[in-house]
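The values are calculated or read from the model by the stated rules, or taken from the named source; none is laboratory data. No experiment lies behind these values; they were computed from the predicted model shown. Cβ coordinates were reconstructed from backbone atoms using ideal geometry, including for glycine residues, and neighbour counts include every protein chain displayed. Protein only, heavy atoms only, side chains kept; ligands, DNA and RNA dropped before computing areas. Shrake-Rupley method; radii C 1.70, N 1.55, O 1.52, S 1.80 Å.
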Amino acid sequence: MDYQFKDIESRWQRFWSENQTYKVENNPSKPKYYVLDMFPYPSGAGLHVGHPLGYIASDIFARYKRLRGFNVLHPMGYDSFGLPAEQYAIQTGQHPAITTETNIKRYREQLDNLGFSFDWSREVRTSDPNYYKWTQWVFMQLFNSWYNLEVDKAEPISTLIAKFETSGSKGIKAECDEDVANFTADEWKRLSEEEQQKELLKYRLTYLRESIVNWCPALGTVLANDEVKEGFSERGGHPVEQKKMMQWSMRITAYADRLLKGLDDLDWPEPLKEMQRYWIGKSVGAMVSFDPIEVFTTRVDTLFGVSFLVLAPEHELVLSLTTPSQKEEIADYIAQTSKKSELDRVANTKTVSGVFTGSYAKHPITGKDIPIWISDYVLAGYGTGAVMAVPSGDQRDWLFAKQFGLPIIPVLDTQKDLDQQADPTKEGRYINSGLINGLIYQEAIPVLIAKLKELDAGKVKVNYRLRDAIFGRQRYWGEPVPVYFKNGLPYLIDEKELPLLLPEVDKYLPTESGEPPLGRAEHWKYQDQYEYELSTMPGWAGSSWYWYRYMDVHNDQAFADKKAISYWKDVDLYIGGSEHATGHLLYSRFWNKVLKDLGYVGQEEPFKKLINQGMIQGRSNFVYRVVNEGGKSTNTFVSVGLRHQYKTIALHVDVNMVENDVLDINRFKFSRAEFADAEFIFEGGKYICGVEIEKMSKSRFNVVNPDDIVERYGADTLRLYEMFLGPLEQSKPWNTNGIEGVFKFLRKFWKLFHDDAFNFCISDETPSKAEYKALHKIIRKVEEDIERFSFNTSVSNFMICVNELQDLKCNKRGILQDLVIVLSPYAPHIGEELWALLGNKAGTLSYATYPKFDERYLIESEFAYPISVNGKMKMNLTISLDLAAPEVEQLVLANDDVQKHLDGRSPKKIIFVKGKIVNLVV
RNA sequence: GCCUAGGUGGUGGAACUGGUAGACACGCAGGACUUAAAAUCCUGUUCGCCUUAAAGCGAGUGCGGGUUCGAUUCCCGCCCUAGGUACCA
């Protein structure tokens with residue numbers, strides 16, 4: 001029979017599912033390998049052809065590792081809490097759980113269509129109470145922990161209480177709020193239970209804090225910064241305003257340095273690591289006190305170049321420092337800046353504005369009076385919200401000084417063009433700089449720091465850009481926070497009462513009094529008397545630990561059994577999009593470190609190797625409708641090459657009516673009534689469509705559904721084709737133009753096992769040298785490529801191999817059976833079918849013995865050396881590989897054709913690289 | 001602006017540590033089979049010049065330099081594209 005992919009694929013998919021072929025046990029006698037995909041949010045739109053790219057790559061990798069004898073954990077699940085289901089619920093009243101369930105079903109069908117080797121018995125859903133029970137449990141661990149800087153790790157809060165009881169707050173080095181109290185052990189013991197709890201909250205890894213949040217009244221929810229685009233919500237486009245709210249926060253800043261250092265040893269893409277580094281934003285500098293202002297600076301060496309100080313308009317000392325004569329001006333300025341939107345502030349980097357407060361600060365070393373200004377180029381949220389301005393070294397300070405006629409003092413003898421711009425150099429020797437005059441940068445720093453310490457006016461300080469993460473959303477469809485309030489103080493519910501179930505509500509909107517939707521739940525009180533926390537957890541909660549749940553998904557005693565964790569350890573390969581660079585991937589690393597500190601898991605980092613698959617963009621097609629002289633649209637359409645001869649407007653046309661950019665006229669005519677009698681101006685007898693690369697979306701008519709491709713060519717073709725498209729990590733437009741080639745390849749492969757009448761026909765003869773060579777070339781290639789995640793080159797080489805075997809008319813079991821195994825990670829269905837036809841036990845291909853590469857088959861005795869003259873290739877000459885330089889040179893020079901190329905000249909020098917090249921230099 | 005990745009035929013792309021640029025595939029052109037079409041197979045296909053043809057010559061991996069016997073690959077300067085970021089002191 002010809003290659004009947006439909007029949008083959010549905011049969012094997014059923015077989016795998018019925019026989020649980022990919023169910024994996026925690027089996028310590030085998031080496032483990034953990035291949036993880038970023039789990040999807042099951043949206044209503046279903047999968048398009050871009051989604052499976054990463055899943056196909058990870059599946060190939062997982063199947064390959066399985067064949068190489070690893071016990072492979074390759075699970076899949078759903079990040080099923082989220083805003084879209086909730087918005088849909090608000091609009092329709094449909095419970096988000098129902099929509100979510102429907103969407104998951106659809107996702108599952110689409111995924112199953114592609115022949116993935118997921119162990120579905122380990123599926124997780126973040127919105128499932130059996131799952132979020134443990135998300136709540138992790139929250140409790142964070143609540144019950146503090147960060148001890150002495151040992152640089154998190155500890156149970158009980159160790160802190162013990163310290164308070166024995167020696168009070170003295171000597172405690174913790175990552176905590178700034179307003180912690182000082183007390184002795186006795187004082188601590190005399191505090192009431194409530195006062196103690198209040199104090200402890202300042203140390204917990206998750207804590208309540210008044211934060212400014214992006215509040216969206218229309219959605220009735222708080223949005224993350226990346227959910228807000230230019231003052232409007234990303235979804236729905238509703239206006240967003242700034243609002244102060246009591247919010248749960250996570251003390252991720254405690255881990256800033258460990259999160260930064262940990263990056264060095266991770267096998268992640270450099271751009272991704274760079275993004276996280278930037279996000280963490282470590283800068284080493286100094287705190288310097290200009291009485292009464294404290295500033296943070298990374299260039300303490302320019303201390304003598306300070307000619308003024310600048311405070312953020314929001315700085316707490318602004319009002320008290322303003323002199324009566326400046327009061328009005330300052331008030332005006334503050335009012336102005338608070339009105340300015342974020343965008344205005346950023347857009348205006350060329351012009352500077354500011355106002356003098358009328359007050360002066362004291363330079364810590366010279367004691368000189370330094371004028372204090374305010375300006376919006378200084379941010380309240382970074383450092384101390386105040387800067388020492390050094391116009392000679394900092395461009396912003398320079399602009400400010402120019403604008404307001406303040407002095408520009410050079411501090412290094414190499415600074416130049418200071419009348420044009422600031423010069424931030426660190427080269428040269430200091431001038432105008434008191435005790436560091438004549439020194440270089442490296443010498444000056446310790447001298448200055450020592451002096452500032454002596455004067456008690458400064459110290460070394462490390463500053464981070466990273467902020468504590470807000471952990472709460474005023475929305476319904478998320479994990480309830482396992483906390484209740486007693487006299488305004490938060491307490492954890494009893495662990496035995498987990499999961500704290502999401503209560504039913506009548507509407508998914510905030511209450512009339514502005515409380516989150518959970519405020520609508522009736523009779524929802526802890527022990528029937530205490531208010532529960534009404535906000536739910538943010539989207540990243542459930543995804544910050546899910547890889548552990550896959551290890552032991554049905555455990556109801558722990559988030560995962562210790563044995564399972566110590567076996568599976570960490571994720572060996574994680575594949576997903578780079579859009580999670582600073583969200584999910586940072587929070588996951590953070591929670592992992594907390595769990596490690598508390599002794600629940602063993603690894604400091606959760607994801608050893610990470611690959612970002614590229615985005616698959618849409619490839620839109622256009623038709624060009626001719627516009628007549630009156631400017632009216634006609635019903636005539638002109639082919640793209642001729643469109644400039646007419647006045648036209650471009651219309652998106654559904655890509656499913658277009659093949660190789662040629663429009664299917666009939667389908668076009670039937671697509672809409674108005675096109676039924678459309679006329680066409682062809683080129684070369686065809687209507688060619690225009691092309692543009694855009695995002696894949698319904699409105700652009702360029703969405704390609706994997707189901708349609710599978711229907712037409714089969715899953716194996718789709719899998720191979722998505723890999724063939726180009727390097728995994730590169731973004732590229734979806735284009736079906738080449739898919740025929742891949743499909744033809746599978747048919748050719750199928751043909752190798754069949755005679756011309758399509759009867760299965762295999763020979764048991766010993767393969768020839770050439771046949772072995774073709775096989776072992778591909779064995780080696782696949783092995784090399786998979787290490788580099790270069791799947792596209794492997795597909796090309798499968799084609800080369802099959803072409804060669806076809807030329808050799810090879811139908812020998814000794815070759816083809818091994819080739820089936822090598823190809824099976826890419827095309828598992830056709831593989832299983834042929835594997836069974838070859839007489840092997842059905843369904844055993846996935847765990848077959850991978851053929852061993854044997855160098856012997858590739859050893860050549862001769863090589864067709866390229867002969868080049870002055871580095872330009874002229875001809876090939878086949879020479880034995882046993883020969884060394886002198887003999888080769890002799891042979892080359894004796895050759896008539898070579899002499900022709902030399903044209904009478906005699907070579908000055910002959911370069912010979914064995915097995916590579918001969919180059920004659922004349 | 002800064003950070004990162006990238007720029008190769010009509011198209012997707014290949015060339016792994018400097019050694020035959022354009023593998024493989026699409027598309028296109030021509031041919032075979034066929035009443036015809038589909039499918040399949042064969043040949044050609046970087047560009048330019050020259051030639052009836054065989055063959056030959058020259059240019060060529062964003063642009064300009066450099067190192068080298070030899071550069072898509074290494075170095076310097078610049079241009080463009082994509083992603084990230086936005087006054088971080």
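What pairs can you find where one residue is in region A:46-65 and open to solvent by 10 Å² or more (accessible area, probe 1.4 Å), the other is acidic (Asp, Glu), and their Cβ atoms are less than 8 Å apart, with a gap of 6+ or different chains?
Once the first residue is open to solvent by 10 Å² or more (accessible area, probe 1.4 Å) and sits in region A:46-65, its partners that are acidic (Asp, Glu) give A:Tyr55/A:Asp37.
I'd like the residue in region A:642-657 that is farther than 18 Å from A:Glu679 by Cβ and either away from RNA strand B (no atom under 16 Å from the Cβ) or in a strand (DSSP E or B) (or both) and, out of all such residues, is most open to solvent (accessible area, probe 1.4 Å).
A:His644
Please give the number of the condition A:Gly814 fails out of (1) in a helix (DSSP H, G or I); (2) in contact with a Ser or Thr (Cβ under 9 Å, 6 or more places away or on another chain); (3) under 26 Å from A:Val710 (Cβ atoms).
Of the numbered conditions (1) in a helix (DSSP H, G or I); (2) in contact with a Ser or Thr (Cβ under 9 Å, 6 or more places away or on another chain); (3) under 26 Å from A:Val710 (Cβ atoms), the odd one out for A:Gly814 is (3).
From A:Asn656, A:Asn612, A:Asn635, grab the single residue that is in contact with a helix residue (DSSP H, G or I) (Cβ under 9 Å, 6 or more places away or on another chain), polar (S, T, N, Q) and in contact (Cβ under 8 Å) with a residue 60 or more places away in the chain.
Matching residue, one of A:Asn656, A:Asn612, A:Asn635: A:Asn612.
Picking from A:Lys777, A:Lys751, A:Lys769, which residue would you name as being charged (D, E, K, R), in contact with a helix residue (DSSP H, G or I) (Cβ under 8 Å, 6 or more places away or on another chain) and surrounded by fewer than 16 Cβ atoms within 10 Å (Cβ to Cβ)? Give the derivation first.
Working: A:Lys777 fails: surrounded by fewer than 16 Cβ atoms within 10 Å (Cβ to Cβ); A:Lys751 fails: surrounded by fewer than 16 Cβ atoms within 10 Å (Cβ to Cβ).
Checking each option against the conditions leaves just A:Lys769.
Could you tell me which residue of region A:376-403 is nearest to A:Arg299 (Cα to Cα), considering only residues that are part of a helix (DSSP H, G or I) and polar (S, T, N, Q)?
The residue in question is A:Gln395.
Which members of region A:365-389 meet the condition of being in contact with a strand residue (DSSP E or B) (Cβ under 6 Å, 6 or more places away or on another chain) and either open to solvent by less than 10 Å² (accessible area, probe 1.4 Å) or within 16 Å of RNA strand B (Cβ to nearest atom) (or both)?
Once the filter is applied, which keeps residues that are in contact with a strand residue (DSSP E or B) (Cβ under 6 Å, 6 or more places away or on another chain) and either open to solvent by less than 10 Å² (accessible area, probe 1.4 Å) or within 16 Å of RNA strand B (Cβ to nearest atom) (or both), region A:365-389 yields A:Ile370, A:Ile372, A:Trp373, A:Ile374, A:Ser375, A:Val378, A:Gly383, A:Thr384, A:Ala386, A:Val387, A:Met388, A:Ala389.
For region A:463-481, what are the residues that are farther than 27 Å from A:Thr100 by Cα and out of contact with any strand residue (DSSP E or B) (no Cβ under 7 Å at 6 or more places or on another chain)?
A:Tyr464, A:Arg465, A:Leu466, A:Arg467
A:Ile575 passes all but one of (1) farther than 30 Å from A:Asn702 by Cα; (2) open to solvent by less than 20 Å² (accessible area, probe 1.4 Å); which number fails?
(1)
Of all the residues that make up region A:542-572, how many are open to solvent by 10 Å² or more (accessible area, probe 1.4 Å), assigned to a loop (DSSP other than H, G, I, E, B) and among the polar types (S, T, N, Q)?
Going through region A:542-572 one residue at a time, the tally reaches 2.
Determine whether region A:511-519 contains at least one residue that is open to solvent by less than 10 Å² (accessible area, probe 1.4 Å) and either aromatic (Phe, Trp, Tyr) or out of contact with any His (no Cβ under 9 Å at 6 or more places or on another chain) (or both). Spell out the reasoning first.
The first filter runs over region A:511-519 and keeps only residues open to solvent by less than 10 Å² (accessible area, probe 1.4 Å), leaving A:517-518.
Narrowing further to those that are either aromatic (Phe, Trp, Tyr) or out of contact with any His (no Cβ under 9 Å at 6 or more places or on another chain) (or both): A:517-518.
Scanning region A:511-519 turns up at least one residue that is open to solvent by less than 10 Å² (accessible area, probe 1.4 Å) and either aromatic (Phe, Trp, Tyr) or out of contact with any His (no Cβ under 9 Å at 6 or more places or on another chain) (or both).
Among the numbered conditions (1) assigned to a strand (DSSP E or B); (2) within 16 Å of RNA strand B (Cβ to nearest atom); (3) under 30 Å from A:Ser58 (Cβ atoms), tell me where A:Leu586 comes up short.
The number of the failed condition is (1).
From A:Pro292, A:Pro239, grab the single residue that is outside the structural domain of A:Leu201 (by TED's automatic domain parsing) and modelled with pLDDT under 90.
So the residue among A:Pro292, A:Pro239 that is outside the structural domain of A:Leu201 (by TED's automatic domain parsing) and modelled with pLDDT under 90 is A:Pro292.
If A:Glu531 meets every condition in (1) closer than 16 Å to A:Phe81 by Cα; (2) modelled with pLDDT of 90 or more apart from one, which number is that one?
Result: A:Glu531 fails condition (1) only.
Return the residue satisfying two criteria in turn: it lies in region A:322-341 and is part of a loop (DSSP other than H, G, I, E, B) and within 14 Å of RNA strand B (Cβ to nearest atom), and of such residues it is modelled with the highest pLDDT.
Within region A:322-341, the match that is modelled with the highest pLDDT is A:Lys340.
If I filter region A:53-80 down to residues being assigned to a loop (DSSP other than H, G, I, E, B) and not small (Gly, Ala, Ser), which single residue comes out as farthest from A:Tyr574 (Cα to Cα)? Spell out the reasoning first.
Narrowing region A:53-80 to residues assigned to a loop (DSSP other than H, G, I, E, B): A:68-70, A:74-77, A:79-80.
Filter once more, keeping what is not small (Gly, Ala, Ser): A:68, A:70, A:74-76, A:79.
Numbers: A:Arg68: 19, A:Phe70: 17, A:His74: 10, A:Pro75: 11, A:Met76: 12, A:Asp79: 16 Å.
Residue satisfying both the conditions and the ranking: A:Arg68.
Being closer than 30 Å to A:Val655 by Cβ and free of Cβ contacts under 8 Å to residues at least 60 places away in the same chain is the filter here, so list the residues in region A:734-784 that pass it.
If the condition is that a residue be closer than 30 Å to A:Val655 by Cβ and free of Cβ contacts under 8 Å to residues at least 60 places away in the same chain, then A:Gly738, A:Ile739, A:Glu740, A:Gly741, A:Val742, A:Phe743, A:Lys744, A:Phe745, A:Lys748 are the ones that fit.
Does A:Lys416 count as charged (D, E, K, R), modelled with pLDDT under 90 and within 15 Å of RNA strand B (Cβ to nearest atom)?
no
Looking at A:Arg672, A:Arg719, A:Arg712, A:Arg667, which is the one that is outside the structural domain of A:Leu642 (by TED's automatic domain parsing) and open to solvent by 80 Å² or more (accessible area, probe 1.4 Å)?
Exactly one residue qualifies, and that residue is A:Arg712.
Pick out, from region A:826-922, the helices (runs of 4 or more DSSP H) lying fully within it that include 2 or more residues that are more than 10 Å from RNA strand B (Cβ to nearest atom), within 40 Å of the chain's Cα centre (by Cα) and touching a residue at least 40 places away in the same chain (Cβ under 8 Å).
Fully inside region A:826-922 and qualifying: A:828-837.
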